[in-house]
Amino acid sequence: MQARSPVALYVHVPFCLSLCPYCDFVVYTGRDAHGPASMVDAFVRALLVELDLRADALEERFGAARAALTSVYLGGGTPSLLPAAVIRGLLERVDRRFGIAPGAEVTMESNPGAGDRGDLAGFRAAGVNRLSLGVQSLDPSELKRLGRRHGPDDVADAMAAARAAGFEDVSLDLLYDIPGQTVGSWEATIEGAIGLVPDHISAYALTLDDPEAESLTGPTGDHLPLRSGARAWRGRARREQDEDMAAELYALAMARLAAAGYVGYELSNWARPGRECRHNLAYWQREPYEAVGPGAHASDGALERRWNAARLEGYLAALLARDGSQAELPPGGRETLDGATARAEGVILGLRMTSGVDEALISDPLLAPGLAWGLQARLLECGSARIRLSESGRLLSNEIFLRLLPDAAPGTSSPVATEAAA
C-alpha cells in the first residue's frame with residue numbers, strides 16, 4: 001500500500017446552540033458558541049491557519065501538482081451557524097491551497113430548525129452544493145427525548161427552503177433504536193422522510209458509547225468527556241434499547257426505502273441513482289482524505305491515520321500563538337497500521353457497501369477463515385465475482401467483521417465497525 005495525496009477534505013466546525021445527550025462529536029455550546037465571548041471568530045482564524053499548514057505539508061510530501069479534491073465536507077457541530085461570507089472565504093482558501101475539482105461535491109451539515117438552519121441561499125452561492133439535514137426523527141416525543149431543538153414541521157420547512165435556495169442534492173439523517181420508539185413511529189418517520197422527496201437518506205442505529213471508558217478523552221484524545229447529565233441519560237437509554245427491535249426497524253427501513261426507489265448502496269445509506277455521497281464513499285473505499293478542526297481524522301489511504309485532539313483551547317493555542325512564536329499544528333495523535341490490519345479493514349469497509357469485495361479475496365490466508373464462515377452461515381453471498389452481505393448479513397454484519405480482524409474473537413468490540421457506523 002502506498003500513501004497518496006487526499007481526494008477529500010473534512011472540516012469540523014465544533015459549535016452548536018445546544019448539546020444533544022447522545023452526541024459523540026466534538027461540540028461546544030453556550031457562550032463558547034454564540035454571544036460576545038464566543039470562540040467562533042478565533043476558531044475560524046485558527047482553521048485557516050491549519051488549512052495552510054496542512055497544505056504546506058502535503059506539498060512537501062506529494063508536490064504542488066497533486067490532484068484536486070473531489071469532495072469537501074463541512075461537518076460538526078452545526079457549520080450552518082457560520083455566516084455565508086465565512087463559508088465562502090473558507091472554500092476559497094481550500095480551493096487556493098488544495099484545489100477543488102470542477103463538479104466536486106461540497107457538503108454542509110445543517111439542523112432543520114429556523115435558528116440553526118442558517119443562510120441556505122448564501123451557502124449555495126458560496127459553493128456548497130449538497131445539504132445534509134440532521135432530522136433524526138419526525139416524531140415530536142422522540143425529538144424531545146433526543147434533545148433536538150426542531151419539530152417535524154421544521155423539517156418540511158427546511159426541505160422547502162433548501163430547494164428554494166437551489167440545492168438539488170439534499171440528504172436526511174435519521175436514527176432508530178431510540179428509547180421509546182415503536183415500529184409505528186419509525187414507520188411514520190420513514191414514510192414522512194420519503195414524502196419530502198430527498199435525494200439521499202441515512203438511517204443509523206443510536207449508539208451510546210462511553211468515550212472515557214475507551215480512553216478517548218485524554219489530552220490528545222479525539223473526544224470530549226461526557227457531561228454528567230449526558231452520562232446519566234445514556235445509562236437510562238441503554239437499558240431501554242432492544243437489539244431485536246433494532247433489527248426489525250432496520251429491516252422495515254430497507255423494505256420501505258427500496259420500494260420508494262432508494263438504492264441501499266451502503267449499510268446505513270440509501271440514495272436516488274447518482275446521488276450517493278461521494279465523500280463517504282472515499283472513506284469506505286479507503287481513499288486518502290485530509291481533515292482539519294478539533295477531533296477531525298485524516299488518512300493517507302495506506303497505513304497511516306492521524307487525528308486532532310478534541311479540546312478547542314489547545315487547538316487555538318497552537319494555531320494562534322499569542323507570544324509571537326510561529327504557529328504549529330494542533331495537538332493530536334497518529335497510528336500506523338500493520339499490513340494485515342489494513343487489509344482486513346479494507347475488506348470490512350468494502351463489505352459495508354452493496355458492491356461488496358472481489359471474490360478472489362477468499363484465497364487470502366488472512367481473510368479466508370472469516371469469509372468462509374460468513375458464506376457458510378449465509379451472512380455472505382457470492383455472485384458475479386463479488387462477495388456481498390446477504391440480507392441477513394446486513395443485520396448481523398459485526399459478526400463477520402469481528403472474524404476478519406486479526407486476533408479479534410467474536411464478542412469483542414470492533415473499532416472499525418463502530419467508526420464506520422457513526
Which residues, taken from the range 385-402, are more than 23 Å from the chain's Cα centre (by Cα) and either closer than 16 Å to TRP284 by Cβ or modelled with pLDDT under 95 (or both)?
ARG386, ILE387, GLU391, SER392
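Yes/no matrix, rows are residues, columns are (1) modelled with pLDDT under 95; (2) of a type in the set (A, V, I, L, M, F, W, C); (3) assigned to a helix (DSSP H, G or I):
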residue	(1), (2), (3)
LEU172	no, yes, no
ILE178	no, yes, no
GLY192	no, no, yes
PRO198	no, no, no
SER202	no, no, no
ASP209	yes, no, no
With GLU92, GLU142 as the choices, which residue is in a helix (DSSP H, G or I), surrounded by fewer than 18 Cβ atoms within 10 Å (Cβ to Cβ) and assigned by TED's automatic domain parsing to the domain that holds SER185?
GLU92
Can you pull out the residues in the range 55-89 that are part of a helix (DSSP H, G or I) and in contact with a strand residue (DSSP E or B) (Cβ under 6 Å, 6 or more places away or on another chain)?
PRO79, SER80, LEU81
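Residue by residue, here is whether (1) of a type in the set (Asp, Glu); (2) at pLDDT 95 or above; (3) at negative phi holds:
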| position | (1), (2), (3) |
| --- | --- |
| ALA271 | no, yes, yes |
| GLY274 | no, yes, no |
| CYS277 | no, yes, yes |
| TYR289 | no, yes, yes |
| GLY295 | no, yes, no |
| ALA298 | no, yes, yes |
| GLU304 | yes, yes, yes |
| ASN308 | no, yes, yes |
If only one of GLY35, GLY75, GLY103, GLY63 is crowded, with 20+ Cβ neighbours inside 10 Å and either within 28 Å of THR220 (Cα to Cα) or in the same structural domain as CYS277 (by TED's automatic domain parsing) (or both), which one is it?
GLY75
Go over the candidates ARG334, ARG322, ARG305 one by one and state the one that is closer than 30 Å to THR29 by Cα and either touching a helix residue (DSSP H, G or I) at 6+ places or on another chain (Cβ under 6 Å) or free of Cβ contacts under 8 Å to residues at least 12 places away in the same chain (or both).
ARG322
Might you check whether a residue that is surrounded by fewer than 21 Cβ atoms within 10 Å (Cβ to Cβ) and among the β-branched types (Val, Ile, Thr) occurs anywhere in the range 173-184?
yes
Looking only at residues in the range 185-196 that are touching a strand residue (DSSP E or B) at 6+ places or on another chain (Cβ under 9 Å) and aliphatic (A, V, I, L, M), which one is surrounded by the most Cβ atoms within 10 Å (Cβ to Cβ)?
ALA193
Between a first residue in the range 251-277 that is not assigned by TED's automatic domain parsing to the domain that holds ASP177 and a second residue that is modelled with pLDDT under 95, which pairs have beta carbons less than 9 Å apart while being 6 or more apart in sequence or on different chains?
none
Considering only residues that are in a helix (DSSP H, G or I) and farther than 16 Å from LEU51 by Cα, which ones fall in the range 313-339?
GLU313, GLY314, GLY339
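Residue-wise test of (1) over 30 Å from GLY235 (Cβ atoms); (2) in a loop (DSSP other than H, G, I, E, B).
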| site | (1), (2) |
| --- | --- |
| ARG96 | yes, no |
| ALA104 | yes, no |
| GLU109 | no, no |
| ARG124 | yes, no |
| VAL128 | yes, yes |
| VAL135 | no, no |
| ARG148 | no, yes |
Residues ALA126, ALA164, ALA158: which one is in the same structural domain as CYS23 (by TED's automatic domain parsing) and touching a strand residue (DSSP E or B) at 6+ places or on another chain (Cβ under 8 Å)?
ALA158
All but one of (1) closer than 24 Å to ALA291 by Cα; (2) touching a residue at least 60 places away in the same chain (Cβ under 8 Å) hold for ILE190; which doesn't?
(1)
If you scan the range 237-268, which residues turn out to be more than 23 Å from the chain's Cα centre (by Cα), outside any helix (DSSP H, G or I) and among the hydrophobic types (A, V, I, L, M, F, W, C)?
ALA260
Does the range 367-388 include one or more residues that are closer than 29 Å to LEU224 by Cα, buried (at least 20 other Cβ atoms within 10 Å of the Cβ) and in contact with a Leu (Cβ under 7 Å, 6 or more places away or on another chain)?
no
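The values are calculated or read from the model by the stated rules, or taken from the named source; none is laboratory data. Note that this is a predicted model, so its numbers are computed, not measured. Note that each Cβ is placed from the backbone with ideal geometry, even for glycine, and that neighbours are counted across all protein chains shown.
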